[in-house]
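Asker: Could you have a look at this structure, given as structure tokens, before my questions?
The values are calculated or read from the model by the stated rules, or taken from the named source; none is laboratory data. Predicted, not measured: the structure shown is a model, and the values here were computed from it. Here the Cβ is made from the backbone with ideal geometry for all residues, glycine too, and neighbour counts use every protein chain on show. Surface accessibility is based on the protein's heavy atoms, side chains included, excluding ligands, DNA and RNA. Shrake-Rupley method; radii C 1.70, N 1.55, O 1.52, S 1.80 Å.
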Amino acid sequence: MENKEKEALEKVRQKLEDEFLNKKDLYFIMGNLKNHKNSFMIIGIFYPPLIKM
């Protein structure tokens with residue numbers, strides 16, 4: 001099971017690096033919970049096309 005988890009994490013990292021960081025303008029949508037006001041987590045991502053000037 002550990003190998004499958006490592007493989008999945010590597011695929012996510014590779015997708016973020018190759019596609020989102022080079023071809024998209026990547027934004028993380030952050031949020032927290034009512035009971036944990038000082039802890040934030042990524043609750044979504046927004047990735048419009050990257051416009052080069």
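Asker: Identify, by number, the condition in (1) open to solvent by less than 70 Å² (accessible area, probe 1.4 Å); (2) in contact (Cβ under 8 Å) with a residue 24 or more places away in the chain; (3) not in a helix (DSSP H, G or I) that residue 32 doesn't meet.
Answerer: Just one mismatch for residue 32, condition (2).
Asker: Which one is surrounded by the fewest Cβ atoms within 10 Å (Cβ to Cβ) among residues in the range 1-29 that are assigned to a loop (DSSP other than H, G, I, E, B) and under 13 Å from the mean Cα position of the chain (by Cα)? So that I can check it myself, show each step before the final result.
Answerer: Quick first cut of the range 1-29, residues assigned to a loop (DSSP other than H, G, I, E, B) only: 1, 25-26.
Filter again for under 13 Å from the mean Cα position of the chain (by Cα), leaving 25-26.
On the way: 25: 12, 26: 14.
Looking at residues that are assigned to a loop (DSSP other than H, G, I, E, B) and under 13 Å from the mean Cα position of the chain (by Cα), I get 25.
Asker: Please work out if residue 40 is farther than 30 Å from residue 53 by Cβ, aromatic (Phe, Trp, Tyr) and open to solvent by 80 Å² or more (accessible area, probe 1.4 Å).
Answerer: Details: farther than 30 Å from residue 53 by Cβ: yes; aromatic (Phe, Trp, Tyr): yes; open to solvent by 80 Å² or more (accessible area, probe 1.4 Å): yes.
So residue 40 fits the description; yes.
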